[in-house]
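Remarks on the structure that follows.
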Amino acid sequence: MQPLADRPSPMLPHPFQVLETKEEIPGCTTMRIEPADIDGDCSFSPGQFYMIYVFGHGEVPISVSGDPARSGELTFTVMDVGSVTRALCTLKAGDSVGLRGPFGSAWPVDDIKHRDVIVMAGGLGLAPLRPTLYHMLQYRREYGQLSLLYGTREPKNVVFHRELAHWKEKESIDIEVTVDRAERNWSGNVGVVTELLKGRYVDPEKTSALICGPEIMMRFSAYALLDLGVRAENIHVSMERNMKCAVKICGRCQYGPFFICHDGPVFSFDRVDRLFRIREV
């Protein structure tokens, strides 16, 4: 075992360099980064997050959105919603950032093998689910029927739209996209994402679900799946709260008896159902 004094501090950012940035939709950027030296580690489990430090601006938690099988680099998808994320979205190739992590729990990709899997995403909630989709598609024979149900505000807000089109055409996965509102030239679904469950055959005894998006979307999605007979322990959600330390010290991300940075962000729904029923927790 590595001596405690020799272990790297979880509070010390490791230097990374930006390889490439790409605007996904207005105000949303995907960035690929690599370690600035040979000591950098890029291994993570789908669903985990890093604390990304932008020098001169601050630090924010961001889930990995890239392929876990792609070694030597990490991918993050960031929405411009504040001063630090705005600074992240303006970075260019060659710029430097600091990373701490990975932190938190992961999507249960091993536990759901040989089961049908329904992935439900809302808005940018597709980004933390993307590594899991990569993994399940890479090991497609180890999973049952795969479905991705994705909802967003408008057609222009669909993230990873080229990838979704490719998966729908080339991969063995059922993909349905819906929007809250659309112009006349939109030929897809209109309505909330739970509408995509209606009329869909679900075997509750062999189905697991992974959900990520706005909390209200996750609440109604989980309850809709419960109504279909899917057990709460087979429904998994990814929670989000403000945090500073990511190591269960500052208490900023406390959620009832849990700390999102340590006990989450991924929870089985039976663990948080009671909290979902309380307003403003």
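Here is how the numbers come out for the structure above:
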| item | result |
| --- | --- |
| Sites excluded, trypsin sites (Lys or Arg not before Pro) in DSSP loops with at most 11 other C-beta within 10 Å, longest stretch of the chain | 1-91 |
| Value of relative contact order over segment 83-225, rounded to a whole percent, pairs C-alpha under 8 Å and six or more apart | 28 percent |
| Per-residue SASA entry for ASP180, accessible area with 1.4 Å probe, Å² rounded to 10 | 80 Å² |
| Sites ASN242 and SER187, calculated FRET efficiency, Cβ-Cβ separation with R0 35 Å, nearest 0.05 | 0.35 |
| Free-standing Cys, the chain [no other Cys Cβ under 4.7 Å] | CYS28, CYS42, CYS89, CYS212, CYS253, CYS261 |
| Qualifying lysines (Cα of each under 24 Å from Cα of LYS22; at least 8 residues distant if same chain) | LYS92, LYS156, LYS168, LYS170 |
| Part-to-part distance (alpha-carbon centres) for segment 196-219 and segment 223-249, which is given in Å | 12 Å |
| Per-residue [θ]222 nm for the chain (sum of -39500 (n - 2.57) over DSSP H runs n ≥ 4, rounded to 500) | -5500 deg cm²/dmol |
| Among VAL247, HIS236, PHE258 the positive-end extreme of the charge dipole of segment 225-281 (Cβ point charges) | VAL247 |
| For q = 0.11, 0.16, 0.18, 0.20 Å⁻¹, Debye-computed log10 I/I(0) when each Cα of segment 1-117 counts as one equal scatterer | -0.39, -0.77, -0.94, -1.11 |
| Qualifying GluC sites (Glu not before Pro) in segment 167-200, DSSP loop, other Cβ atoms within 10 Å at most 11 | GLU183 |
| Loop-located GluC sites (Glu not before Pro) in segment 1-80 whose Cβ has at most 14 other Cβ within 10 Å (DSSP) | none |
| Dipole in debye (nearest 20) - segment 46-164, about Cα centre, beta carbon charges: Lys, Arg +1; Asp, Glu -1 | 180 debye |
| Cleavage-rule hits, GluC sites (Glu not before Pro), segment 200-281, DSSP coil, Cβ neighbours within 10 Å at most 12 | GLU205, GLU280 |
| Label-point separation, GLU20 to CYS250 (7 Å along Cα→Cβ), nm | 3.2 nm |
| Cβ-based charge dipole, the chain, positive-most Cα from ALA224, TYR143, GLY188 | ALA224 |
| Overall dimensions of the chain as given by Cα atoms, namely Rg and Dmax in Å | 18.7, 64 |
| Residue of GLY188, GLY144, GLY264 that the Gaussian network model of the chain assigns the largest fluctuation, springs spanning Cα pairs under 10 Å | GLY188 |
| Nearest-0.05 FRET efficiency for LYS168 and HIS114, computed from C-beta distance (R0 22 Å) | 0.40 |
| Distance between modelled label sites at GLN138 and SER71, nm, 7 Å Cα→Cβ extension | 1.1 nm |
| At 0.890 mPa s and 25 °C, Stokes D of segment 22-181 from Kirkwood alpha-carbon radius, µm² per second | 148 µm²/s |
| Cα-centred dipole magnitude for the chain, charges only on beta-carbon of K, R (+1) and D, E (-1), debye, nearest 20 | 480 debye |
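The values are calculated or read from the model by the stated rules, or taken from the named source; none is laboratory data. Here the structure is a predicted model, which is why all the values come from computation and not from measurement. Reconstructed Cβ throughout: ideal geometry from the backbone, glycine too, with neighbour counts over all protein chains shown. The accessibility values were calculated without ligands, DNA or RNA, using every heavy atom of the protein model including side chains. Shrake-Rupley method; radii C 1.70, N 1.55, O 1.52, S 1.80 Å.
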